[in-house]
1. Considering the options Ser260, Ile218, Tyr270, tell which one lies farthest towards the positive end of the dipole of region 215-273, charges being +1 on Lys and Arg and -1 on Asp and Glu at the Cβ, about the Cα centre.
2. Treat every Asp and Glu Cβ in region 213-322 as -1 and every Lys and Arg Cβ as +1, leave all other atoms uncharged, and give the resulting dipole magnitude about the Cα centre to the nearest 20 debye.
3. Tell me which GluC sites (Glu not before Pro) from region 454-531 have a DSSP coil assignment and no more than 12 other beta carbons within 10 Å of their own.
4. Just flag the GluC sites (Glu not before Pro) in region 42-76 sitting in loop per DSSP whose Cβ has no more than 11 other Cβ atoms within 10 Å.
5. How fast does region 327-397 diffuse by Stokes-Einstein, in µm²/s, taking the Kirkwood radius from C-alpha pairs at 4 °C and 1.567 mPa s?
6. Quick one: of Lys407/Lys569; Lys90/Lys404; Lys93/Lys412; Lys274/Lys569; Lys264/Lys505, which pairs are farther than 31 Å apart, Cα to Cα?
7. What is the distance in Å between the Cα centres of region 509-568 and region 415-484?
8. Quick check on packing: order 80-87, 369-376 by the mean number of other C-beta atoms within 10 Å, highest mean leading.
Amino acid sequence: MKATAEAGVHIFGVRHLSPGGAKHVLDYLNELQPTAVLIEGPSDATDEIRHLTHEVTKPPVAILAFTEELPVRTVLWPFAVYSPEYQGMKWAKENGAEAAFIDLPSSVTLSLQDAMRREEISGRGTKPEAVESGEPASEDIQEPESVYSRIARLAGEYDYDMYWERNFEHNANTGAYRTAILSFSAQMRELSEGKEQLEQPKEHAYNALREAYMRRQIQKTIDAGHDPRKIVVICGAYHAAALASLSEVMTESELAGLPSRSTKLTLMPYSYYKLSTMSGYGAGNGAPHYYEMMWETMTAGRPEELPHLYLSTVARHVRSGGTHRSTAEVIEAVRLAESLAALHGGSAPTLRDLRDAAQTLLGHGELAAVADGLARVDVGTAIGNLADGVSQTPIQDDLNRLLKRYKLEKYKTTVASELSLDLRENRRVSSQEAAYLDLHRSILFHRLGLLGISFAKNRPSGQEGATWAEYWIIQWSPEVEIQVVESTLLGETVEVAAAYVLREKLQECRSIAEASALIRLACECGMTAQMEESSRVLQSLAVDSRDVVGIAAAARELATIIGFGDIRKVDTAPLVPLMEELFRRGCLFLLDASSCNDDAAGKMLIAMNELNVISLEHSETVDEALWLQELLHLSERDDRNPRLSGFACAILMERGAISAADVASEVSRRLSPGIPADLGAGWFEGLSMRNRYGLLSRMSLWEQLNDYINALEDEEFKRALVFLRRAFSTFSPREKTMISELLGELWGVDVEQAAEILTGELKEDEAKMLDDLNDFDFGDF
């Protein structure tokens, strides 16, 4: 006859992130001295317990399971130092007891997760976050209509967290705690199961599967020879009542029928932010660092010191922000928190009581004064740590080696750090690797970015034209660790995985702009072979292309790479002929591409700017004469977009490639009476986009513009006003003042008075008239 849970297996229900639960578990284990400690967690991760309890391991840490096929799916089981499960497995190691996880294997969990995700997409399912966290969805305390919210309301508490802390975290009697949890679990199931079965049948079935499997694992432990009276099961409070009996154990056929996906397991550092409910983790709590403080005071035997520790730490943060707070105010805040707790019949202040006291006494009633300090003390910035090589994938090991090699280990923190890189050779050091340390760092960061690993984010260096300078914001997070693990299927090292991704992108490349961007990416990632392949792809795509916008963008990318010179230690010489060819095609097709509407003209303006920059920076290699010739042709054409014609004229003026007489003649022709508004004012808009002070110095231009506007009929004037408003909207206040003074001089009035009137605020009726003009329909003209 098999032994049953009623025969003596000890079920200890807990909340998964509970310092009070962890303390009571330890006390209970010390009293009972079991031979087996069974823990709610993926049963295929039992071998990871030895790594989780390694002396170097520092929580928060997490078990991460991921699928072996793309797309990669993941599921996490996180632990804090105050997690009852973590303390249970540590006790087992220190006392020679067997420790094992007994929940569904990760392969089954991920398969069920996929099914629930599909249900959610189809609109019939429930939230997958609950599955990913290893928690039952029915324990999601964020639902406003949940049974948890009703309990808090009936108990007169602000929320369920406050109810739990006052009734369970502050319960100092181990026996009473365990009995209360079992009673609480049974009553909770009675209240919620009927509703769950009707409204969330998938969740109900999922929980039933988990519990049947856990009962099977308990029975296996008994069958292996352990005395039931020497087995302790640590599980979520919701499951405690269901595991108290082994009457419904999962059978072999039921086990064989469970869905499964091929998965792998690893361990990863976690963070308090990710553990917090602020990150959206439904099974987390709002204040992981606060609960760590609670754990520390409990284990020290001085839980009554928590209010003093909490409020004095908040006060220290407030002082560090430049606001003085006295010791007397801290003492008064502690007294207030204790009084608030007493009003609710509590034995000690809850986090809510402490926060209210901090706002009242330390913030002088203002939350803003203490908000930053509260966030730092509540959530904290802690990130866990694992021993080198502990249960890691090859790419994790490779990245850790690279971080150590390039002296980046100190940046593996949840606090964002800034790092400026100088890619030039450092001649003050002795070794070759040290001389190019920043270049190696840059290559690593770019490769990680290509893999979608958000450890380092590139920001403008602030040094325009300094191709040797880079500026990065570096921040580690659990998400980064997951991204690294997800890259495992792409290659065993960062370099191999990045090369794979780049090859995949090249195969999917369909435009010259994409191909040129990939050449630059390959250069930044230090991948010569992929640069050559990208160049071949770009060359083949450019043969038949007449897209000036794409051609100009591609040429500009190549020009930037060539501008790196030997900074990145890659040979850019083969790119020069390709850039020359793209530049030539951009020039030859400029005129045809300028026959476009205003929307397309915006992109063409960018393309013309890019081609002009290339002609200036690489005048020794590209055909500069061809560029100026095509600009002149465009500036003279009346049948092309007038804004682009005006812009071409502006570039020629700026470069001294057109005489003053020719400019005056073109202005006179474009702004002569009878020229339609969209041609005249549109041309002026393009002309005014460059060389502003050169335009302001030409009095004749403003005379002709003034005469042109005065000659327009009312409807044409309204049409011209749209173009002119758009043109002048980009002028600086100083430039607008100078124009106003010029017009005042033309009109023969006081220039300062004219400037004051023209640059002043619009009257209400004037503003309304312009608003109406924005909706004016020019289609009737």
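The values are calculated or read from the model by the stated rules, or taken from the named source; none is laboratory data. Owing to the predicted nature of the structure, the values given are computational and were not obtained by experimental measurement. Glycine also receives a Cβ, built like all others from the backbone with ideal geometry; neighbour counts cover every protein chain displayed. These area figures cover heavy atoms from the full protein model, side chains too; ligands, DNA and RNA do not enter into them. Shrake-Rupley method; radii C 1.70, N 1.55, O 1.52, S 1.80 Å.
1. The Cα lying farthest towards the positive end belongs to Tyr270.
2. Once rounded to the nearest 20, the dipole reads 300 debye.
3. Values: sites: Glu464, Glu470, Glu479, Glu481, Glu486, Glu492, Glu495, Glu504, Glu508, Glu514, Glu524; in loops: Glu464, Glu492.
Answer by residue number: Glu464.
4. Values: sites: Glu48, Glu55, Glu68, Glu69; in loops: Glu55, Glu68, Glu69.
Those that pass, being in a loop and sparsely packed, are Glu55, Glu69.
5. Roughly 89 µm²/s, to the nearest whole number.
6. Lys274/Lys569
7. Rounded to whole Å, the Cα centres lie 22 Å apart.
8. Details: 80-87: 26.4, 369-376: 18.4.
Highest to lowest by the protection proxy: 80-87, 369-376.
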